[in-house]
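*Asks:* Below you'll find the structure I mean.
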Amino acid sequence: MTVLIDTPPDPIVERRRAVQAAAASSLKRRKLGSRVALTVCWLFLAIAIVPLVAVVVYVISKGLPAWNVDFFTKSTTPEGVPGGGVWNAIVGTAVITVIGTAVAVPLGLLCGLFLTESDGRIAAALRFTADVMTGIPSITVGIFGYIAIVHNFGYSGLAGSFAVGFIMLPVIIRAGETAFRGVPRSLNEAAMALGARRATIARKIVVPTALPGVITGVLLAIARGLGETAPLLLTIFGNQYLQWNPTKTMAALPPLIYQYSSQPYADLVQIAWGAALLLMVIVLVLSIGSRLLAVYLRRERR
Amino acid sequence: MTTVETPLSPKVGRGRRRSLPDNGYRGMLALTAIVFGALAVWFLVAVILQAKPAFATLGVGWIFGGTWNPTHGQYGLLPFILGTLEVTAIAVVLAFPVGLGTAIALAFLVPMRVRPALSTTVELLAAIPSVVYGLWGLIVLAPVFRDTVEPFLTSAFGWTGLFNGPNNGTGLLLAGVILFVMILPTMVAISRDVLIVVPTDQVEGAMALGATRWQVLRKVVLPGSRTGILGAFTLATGRALGETVAVAMVIGNSPYIAHSLKSSAATIPSLIVNNFGESTGTELSALFGAGLVLLVIGILVNSAARWLVWSTGHQSAGVEVGT
């Protein structure tokens, strides 16, 4: 603002000018501070992305060379003997996970249904237990598997299934409950008004409506169970040979990666990378697949 | 197939037939709930019972003994408790600012078009098995730490006394950094969920008053989601405390109290996983006791975290976190 005539300063104009100057400098300062703080946030985003991307890139670049026909068809060889694959570990992981899932999914979903339909103190306690159990150290579940199964029946694939299923159970319960609770009340009430029994409502309304969420939850739980290492280290013992019988000791991919990673033989480390890539691909396919499937099923419904 | 009964249905009067299937259904649900509850109780009781002999022979004070030497009957857990706390501390001290900053960037700064893709990517990375992170840490990161990071830190911060001793690559620092990378997706995913539910009218109100974006974040968004962020932080801490294989692969596994960040050390989980196969008698029971200590810490930390996340009223956030 320029003053044209030389008059005595108007106190109001002076005051206004002072306020405007102060506001301008404050705005400058605040804008600078904002820019600095937000840049730091961007920086942190970069810091977070770099190692995470590095892990994925390294596993792919180091693991792919290990993939060949032998890798997927032959069993592990003794230390020092070249060649061999991880077929026994793939079979072990598949058998252990399938059995664990087969028990944990129905039990977990029914439990989730129970939590959806009851609002008492017992349900709240169970819900809290399930929540806490999703976060407890997995090694302690391995100890439980050891005490409960290995102590009495020896090391076996089933002991591993027990531990893996136990880890998946609370995840499935909470995912199931969340999915079931998402079913609109109006649907429930309409069915009730028609005189349907609770069992019928659950079977014909709640479960089908909640299916996309349920499938997502189950697939994520499987992805979680597949990658568990510590519980398996305490329960399945490992097996150099192909073993389909879950009552015997078994090999599995995560313990194999753990054991081979610290071996002095380059070819074993190579196999560990290949196994890590395989595990990562399976887990990511399950995770991404579950999301896509959920989107697809929801769209299909409309 | 049972058909839906209408009030006109002739079966209506027969109460027994009507209620039986429903009772069966309710009974089945209650039964599964009982099974789950019983499993949880069995879990706790089984570990306590197996740890009892160690407490009986060694007294309660054994947990805080400073020496682990099974051949001399010494089963002190202090080095492992300290190791667990130190590694966790390194991880969360790094993960808190980086995780929060990343969550803010993902929630408000990244262009709308890439926001969902980037958020999904971060969430997917949380699903990568820990053994894969461990392998990467041991084979790729350990040499980098030995040759570059540790010499640099020693020359720059050696005066603090935190970086004494040889550059091994593996050790407390590497274990902490690997854990930091592992818990980051958890921290980011929940913090972001908590940040984006802050009411829009509050944000817009602050903007209308002339607040800059950072002022809106610091004065409106962050205070509103403080509890949830604390919950995310605590959950990530719980995950770090209990991580076994990734830490066991890169920490060097030495049963002594670490004297520098470069020292090899051990955590409770790595102690258990490394000694389980060869242990019998009191040593095995002592390992169960170590597991019990870990379990109690895990239950406490996770209870606190759930309570914090719950009290912000975002129950669904808690579920996704667990995976």
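The values are calculated or read from the model by the stated rules, or taken from the named source; none is laboratory data. Keep in mind that what you see is a predicted model, and the values were worked out from it rather than measured. Because the Cβ atoms are built from the backbone with ideal geometry, glycine has one as well, and the counts that use them run over all protein chains shown. Side chains are part of the model used for accessible areas, which takes the heavy atoms of the whole protein and leaves out ligands, DNA and RNA. Shrake-Rupley method; radii C 1.70, N 1.55, O 1.52, S 1.80 Å.
*Asks:* Roughly speaking, what is the stretch gain from B:SER279 to B:VAL144, that is 0.36 nm per residue apart minus the C-alpha to C-alpha distance, in nm to one decimal?
*Replies:* 45.1 nm
*Asks:* Connecting C-alpha atoms closer than 10 Å in a GNM of chain A, tell me which of A:VAL91, A:VAL164, A:VAL57 has the biggest fluctuation.
*Replies:* Of the options given, A:VAL57 has the highest mean-square fluctuation.
*Asks:* Which residues of the range B:119-138 show a drop of at least 40 Å² in accessible area when all protein chains are present, compared with their chain alone (probe radius 1.4 Å, heavy atoms only, ligands and nucleic acids excluded)?
*Replies:* Flagged in the range B:119-138: B:LEU124, B:LEU125, B:ALA127, B:ILE128, B:PRO129, B:VAL131, B:VAL132, B:LEU135, B:TRP136.
*Asks:* Based only on Cα atoms, what Rg/Rh ratio does the range A:95-301 have, Rh being taken as Kirkwood's radius?
*Replies:* 1.05
*Asks:* Right, another one. For chain B, what Kirkwood radius comes out of the mean inverse Cα-Cα distance, in Å?
*Replies:* 22.9
*Asks:* For A:LYS31, give me every one of the lysines with a C-alpha distance below 18 angstrom, ignoring sequence neighbours fewer than eight places off in its own chain.
*Replies:* Cα-Cα hits under 18 Å: B:LYS219.
*Asks:* For chain B, what does the relative contact order come out to in percent, with C-alpha contacts under 8 Å and a separation of six or more?
*Replies:* 26
*Asks:* Sorting check: for A:225-235, B:166-176, which peptide has the highest mean count of neighbouring beta carbons within 10 Å, and how do the rest follow?
*Replies:* A:225-235, B:166-176
*Asks:* Find the Cα radius of gyration of the range B:139-198, compare it with 2.2 N^0.38 Å by division, and give the number to two decimals.
*Replies:* In units of the 2.2 N^0.38 Å rule of thumb, it is 1.52.
*Asks:* Further question on the same structure: What is the calculated FRET efficiency for B:ASP22 to B:THR121, with r their C-beta to C-beta distance and R₀ = 41 Å, to the nearest 0.05?
*Replies:* It comes out at approximately 0.35.
*Asks:* Which of these, A:GLN20, A:GLN270, A:GLN243, has the largest mean-square fluctuation under a Gaussian network model of chain A (Cα springs below 10 Å)?
*Replies:* Judging by the Gaussian network model, the answer is A:GLN20.
*Asks:* Ignoring any ligand, DNA or RNA, what whole percent of the accessible area of the protein assembly as shown comes from carbon and sulfur when the probe is 1.4 angstrom?
*Replies:* 67
*Asks:* If you stretched the chain out fully between A:VAL98 and A:LYS28, how much longer would it get, using 0.36 nm times the residue separation minus the C-alpha to C-alpha distance?
*Replies:* Full extension of this stretch gives 19.0 nm more.
*Asks:* Something else about it: Using only alpha-carbon positions, what ratio does the radius of gyration of the range B:223-288 give when scaled by 2.2 N^0.38 Å?
*Replies:* Its radius of gyration relative to the 2.2 N^0.38 Å reference: 1.48.
*Asks:* Please compute the per residue accessible area over chain B with all protein chains in place, 1.4 Å probe, rounded to a whole number of Å².
*Replies:* For chain B, the per-residue accessible area is 43 Å².
*Asks:* With springs connecting C-alpha atoms under 10 Å apart, model chain A as a Gaussian network and identify which of A:SER75, A:SER34, A:SER261 has the largest mean-square fluctuation.
*Replies:* Among A:SER75, A:SER34, A:SER261, the largest mean-square fluctuation in the Gaussian network model of chain A belongs to A:SER34.
*Asks:* What order do you get for A:109-119, B:94-104, B:198-208, A:22-32 when each peptide is scored by the mean count of other beta carbon atoms within 10 Å, highest first?
*Replies:* B:94-104, A:109-119, B:198-208, A:22-32
*Asks:* OK, next. For A:LYS248, list the lysines whose Cα falls under 23 Å from its own Cα; do not include residues on the same chain fewer than 8 positions away.
*Replies:* Result set, ordered by chain and number: A:LYS74.
*Asks:* Continuing with the same structure: Using only the Cα atoms, what convex hull volume per residue in Å³ does the protein assembly as shown have?
*Replies:* 235
*Asks:* Now a separate question. Per residue of A:29-42, what is the mean number of Cβ atoms on other protein chains within 10 angstrom of that residue's Cβ?
*Replies:* That average works out to 5.
*Asks:* Would you tell me the mean number of C-beta atoms belonging to other protein chains that fall within 10 Å of each C-beta in A:236-242, as a whole number?
*Replies:* Taking all residues of A:236-242 together, the mean is 0.
*Asks:* Calculate the mean, over all residues of peptide A:50-59, of how many other protein chain Cβ atoms lie within 10 angstrom of the residue's Cβ.
*Replies:* Shielding by partners across A:50-59 averages 6.
*Asks:* I'd like the interface area for chains B and A: accessible area of each alone minus the complex, both sides summed, 1.4 Å probe, protein heavy atoms only. What is it in Å² to the nearest 100?
*Replies:* 7900
*Asks:* How large, in Å, is the range B:161-255 by the Kirkwood hydrodynamic radius built from its alpha-carbon pairs?
*Replies:* After inverting the pairwise mean of 1/r, the radius is 15.9 Å.
*Asks:* Which parts of the range A:150-174 would a label at B:ALA56 reach, counting a residue when its backbone N lies under 19 Å from a point 7 Å out along Cα-to-Cβ?
*Replies:* So the set is A:151-152.
*Asks:* A further question on this structure: Select from B:SER155, B:VAL296, B:VAL87 the residue farthest towards the positive end of the dipole of the range B:78-322; place +1 on Cβ of Lys and Arg, -1 on Cβ of Asp and Glu, and compute about the Cα centre.
*Replies:* Checked the options; the winner is B:SER155.
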